[in-house]
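Enquirer: First the structure, then my questions, so here it is.
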Amino acid sequence: MAKVLMKGNEAIGEAAIRAGCKNYFAYPITPQSEVAEYLSKRLPEEGGVFLQGESEVAVGYMIFGAAGAGERVMTTSSSPGISLMSEALSYIAAAQCPAVFVNIMRGGPGLGGILPSQGDYFQATKGGGHGDYHLLVLAPDGVQEAVEMTMQAFTLAEKYRNPVMIMGDGLIGQMMEPVEFPDGLKTEPTNKDDWATNGMAHRKSKKRNLVKSLFLDPTALNDNNLALKAKYAQMKKEEVQYELVNADTDYQVLITSYGTMSRVCRTAIDMLKEDGIQVAMLRPKTLFPFPEKAVFDASGKDSCQAVISIEMSMGQMVEDVERCVKGRRPVEFYGECGGDIPSPEKIIEIIKALL
Amino acid sequence: MTIDFTDIVIVAGNYGSGKTETAVNLAAACRSTGKSVAIADLDLVNPYFRTREARIPLEAMGIQVVLPDRQYLFADLPILAPAVVDILRQPADVTILDAGGDDVGVTVLASLAALLKNKPVRMLQVINAFRPFTNDVAGCLKIRKEIEASGKINITGLVSNANLMDDTSVAHIYQGYDLVKQVSAHTGLPVEFITATPEISSQLDFNRISCPVLTLDRHLLPPWKPTGARPPSHLTLKT
């Protein structure tokens, strides 16, 4: 298919359709409302449904309902809206249902602002809702990757029967880039007869399925948590994605950065190279599972003097970076989170100060 | 061929068609011919990438830029600056209104109807053939109808802003131009101009195009472009 020019929000909507998602429930919030706008036009053309809930709390449970019935389902929101959905996320993870959540992050905490931010890293990777669960979290750095990750998200959600979150900052949703929709990423839905409440009529097995997150028997609850734990261990083994930039050089500094912020760092790395300064970047594409070994290995290079995590937050991913560097190198941090994104020149200034 | 606009010019079109880049560059082009120019951001819909981002270079050229009050600059509230009413009462030689996208984006025009009445108004539909919903004639006609119904004002001319941003080639410009010509044939509306970056513009066969070409410098750049890549305060003013 030829390239088209799309906003990240529109492209995420189209990618969901291409992935075979026919169910989209959402509540509008800047800076992601274009997903709903786009899908409200496109989904009916595909025989799908967009329904606006009365709140994000309601939307969370509409997602749970559709997921429990074995349907491919997605919602999109932005930071405060995701907070409202966090209870449902915990329930969906506990009940082991596949669903795709998109967070186009804006500044927080509280109502914050409408400009881009990466302030929800902790919320996405460390819980958000209650209990021992994780989301599988994908972080695109542009519109094309947002398309690919949205399509992958449905497959991953079904593989693990676990909610998958796409984490984009506001700019990923708002900016336009030329995109293509690869056919190869579409997968057939998995057979859900073993667990989904998808109706007895067409099934061979007469087993009655129950979707639930309540386990009053302590052994049953412990077993469910062990089952979840095993899935997260498998994700850590099989799903880690990251990109290394300029890492085949004798770099003096290793940057860790993701999303829009990593695009700025990439420009800074190119500009520093022209000054004869080699800097590498490790860009996690999955925030959970985190590229633990890759960060450890990249920080250990003899030439590397320091690691710096650069984020549109006040210091969140840096805690995972510190954990993975294991004290081998000093780990620094630079971040801004009012909505103004640091310029490549600013990043260069920060890096030079480290040398 | 040059663009010789006067009076009020409203830049409308479907969401993401490039209205703001077009409006900003049109303002600069009109100013370069010595006319007084005012531009107002009427985009109450889109939260990012608005006229406000080009304020400094435009003001440096002596263009009057009307934006919401500073305290509301980063709000997603539908605020229409009172100064918009003022510039319509006392228009510059060229007064450009950068409307919001789709039918919802031009709703605000209906509230300005009394001020626009009996004034010479040019209402442009900007079309990018590589955007969803306007990649064929039917799509462009549908958007036109929706904009006219919602803005209570008729479109008087067409603009092709065909682009895939950095991936744009000369062939894309021709493809977009051909689509807009077809829309023109269906509607009788003139193609007022097409846009192209300076680099692409220098490669165009002008015998193939029977309308002016507005050279378009990109002002709304993503944050990873080095500051040096941004257009200087004096824009390239070739049409």
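The values are calculated or read from the model by the stated rules, or taken from the named source; none is laboratory data. Quick caveat, the model's predicted, so the values are computed rather than measured. When we count neighbours, we look across all protein chains shown, and the Cβ atoms used for this are built from the backbone with ideal geometry, even at glycine. All accessible areas refer to the heavy atoms of the entire protein, side chains included, with ligands and DNA or RNA removed. Shrake-Rupley method; radii C 1.70, N 1.55, O 1.52, S 1.80 Å.
Enquirer: Would you kindly identify the helices (runs of 4 or more DSSP H) lying entirely within segment B:129-237 that contain at least 2 residues that are of a type in the set (A, V, I, L, M) and touching a residue at least 24 places away in the same chain (Cβ under 8 Å)? Talk me through it step by step, then tell me what you get.
Expert: Details: elements: B:137-151, B:170-187, B:198-201.
Correct list: B:137-151, B:170-187.
Enquirer: Okay, next question. Output the number of residues of segment A:305-333 satisfying the condition of being open to solvent by 10 Å² or more (accessible area, probe 1.4 Å), in contact with a Gly (Cβ under 9 Å, 6 or more places away or on another chain) and within 25 Å of residue A:108 (Cβ to Cβ).
Expert: 5
A quick yes/no check of all residues on (1) within 14 Å of chain A (Cβ to nearest Cβ); (2) modelled with pLDDT under 95:
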{"site": "B:166", "(1), (2)": "yes, yes"}
{"site": "B:191", "(1), (2)": "no, no"}
{"site": "B:220", "(1), (2)": "yes, yes"}
{"site": "B:226", "(1), (2)": "yes, yes"}
{"site": "B:234", "(1), (2)": "no, yes"}
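Enquirer: Any idea which of (1) within 14 Å of chain B (Cβ to nearest Cβ); (2) in contact with a strand residue (DSSP E or B) (Cβ under 7 Å, 6 or more places away or on another chain); (3) farther than 15 Å from residue A:76 by Cα is the one residue A:111 doesn't satisfy?
Expert: Result: residue A:111 passes all but (2).
Enquirer: For segment A:149-188, which positions are farther than 19 Å from residue A:13 by Cβ and open to solvent by 40 Å² or more (accessible area, probe 1.4 Å)?
Expert: Within segment A:149-188, A:159, A:161, A:184, A:188 qualify.
Enquirer: Of all residues in segment B:117-153 being basic (Lys, Arg) and within 17 Å of residue B:189 (Cα to Cα), which is farthest from the other protein chains (Cβ to nearest Cβ)?
Expert: Checked segment B:117-153; the qualifying residue farthest from the other protein chains (Cβ to nearest Cβ) is B:122.
Enquirer: Could I ask something else about it? Does residue A:101 qualify as being open to solvent by 20 Å² or more (accessible area, probe 1.4 Å) and among the aromatic types (Phe, Trp, Tyr)?
Expert: no
Enquirer: Another question, if that's okay. State yes or no: is residue A:200 more than 14 Å from chain B (Cβ to nearest Cβ) and under 16 Å from the mean Cα position of the chain (by Cα)?
Expert: no
Enquirer: Exactly one of these conditions fails for residue A:144: (1) part of a loop (DSSP other than H, G, I, E, B); (2) farther than 19 Å from residue A:235 by Cβ; (3) not small (Gly, Ala, Ser). Give me its number.
Expert: (1)
Enquirer: Quickly run through segment B:72-93 and pick out the residues that are within 13 Å of chain A (Cβ to nearest Cβ) and either open to solvent by 30 Å² or more (accessible area, probe 1.4 Å) or at pLDDT below 65 (or both).
Expert: Passing the criteria: B:72, B:73, B:74, B:76, B:77, B:78.
Enquirer: Can you tell me which of A:104, A:166, A:114 is of a type in the set (Val, Ile, Thr) and more than 13 Å from the chain's Cα centre (by Cα)?
Expert: Checking each option against the conditions leaves just A:114.
Enquirer: Quick one: residue A:144 ticks every box in (1) more than 19 Å from residue A:84 (Cα to Cα); (2) within 14 Å of chain B (Cβ to nearest Cβ); (3) open to solvent by less than 20 Å² (accessible area, probe 1.4 Å); (4) not aromatic (Phe, Trp, Tyr) except a single one, so which number is it?
Expert: (3)
Enquirer: Answer with yes or no whether residue A:248 is without any contact (Cβ under 8 Å) to a residue 40 or more places away in the chain, more than 24 Å from residue A:68 (Cβ to Cβ) and not small (Gly, Ala, Ser). Break it down stepwise before answering.
Expert: Working: without any contact (Cβ under 8 Å) to a residue 40 or more places away in the chain: yes; more than 24 Å from residue A:68 (Cβ to Cβ): yes; not small (Gly, Ala, Ser): yes.
Criteria met by residue A:248.
Enquirer: For segment A:315-333, which residues satisfy the criterion of being in contact with a Phe, Trp or Tyr (Cβ under 9 Å, 6 or more places away or on another chain) and part of a loop (DSSP other than H, G, I, E, B)?
Expert: Result: A:315, A:316, A:326, A:328.
Enquirer: Just one of the numbered conditions (1) open to solvent by less than 70 Å² (accessible area, probe 1.4 Å); (2) in contact with a Ser or Thr (Cβ under 6 Å, 6 or more places away or on another chain); (3) not aliphatic (A, V, I, L, M) is not true of residue A:250; which one?
Expert: (1)
Enquirer: For segment A:334-353: of the residues being open to solvent by less than 50 Å² (accessible area, probe 1.4 Å) and outside any loop (DSSP other than H, G, I, E, B), which is nearest to residue A:111 (Cα to Cα)? Don't jump to the end; show me each part of the working.
Expert: Start the filter on segment A:334-353 by keeping residues that are open to solvent by less than 50 Å² (accessible area, probe 1.4 Å), which leaves A:334-335, A:337, A:339, A:341-344, A:347-348, A:350-351.
If we keep only those that are outside any loop (DSSP other than H, G, I, E, B) as well, we get A:334-335, A:344, A:347-348, A:350-351.
Details: A:334: 23, A:335: 20, A:344: 28, A:347: 28, A:348: 32, A:350: 30, A:351: 32 Å.
So the residue we want is A:335.
Enquirer: Restricting the search to segment A:56-81, which residues are of a type in the set (D, E, K, R) and within 16 Å of residue A:150 (Cβ to Cβ)?
Expert: A:72
Enquirer: Further question: If you take the residues in segment A:169-185 that are more than 10 Å from chain B (Cβ to nearest Cβ), more than 13 Å from residue A:2 (Cα to Cα) and in contact (Cβ under 8 Å) with a residue 60 or more places away in the chain, which one is nearest to the chain's Cα centre (by Cα)?
Expert: The residue in question is A:169.
Enquirer: Might you check whether a residue that is polar (S, T, N, Q) and open to solvent by 10 Å² or more (accessible area, probe 1.4 Å) occurs anywhere in segment A:110-124?
Expert: Yes, that holds for at least one residue.
Enquirer: Out of A:352, A:326, which single residue is at positive phi, out of contact with any helix residue (DSSP H, G or I) (no Cβ under 6 Å at 6 or more places or on another chain) and not aromatic (Phe, Trp, Tyr)?
Expert: A:326
Enquirer: Would you tally the residues in segment A:263-280 being touching a residue at least 40 places away in the same chain (Cβ under 8 Å) and facing chain B (nearest Cβ under 9 Å)?
Expert: Here the count works out to 6.
Enquirer: I've got another one for you. Mind listing whichever residues of segment B:1-48 are of a type in the set (S, T, N, Q) and either within 14 Å of chain A (Cβ to nearest Cβ) or part of a helix (DSSP H, G or I) (or both)?
Expert: Our first condition is that a residue be of a type in the set (S, T, N, Q); within segment B:1-48, this holds for B:2, B:6, B:14, B:17, B:20, B:22, B:25, B:32-33, B:36, B:46.
Within segment B:1-48, B:14, B:17, B:20, B:22, B:25, B:32, B:46 meet the criteria.
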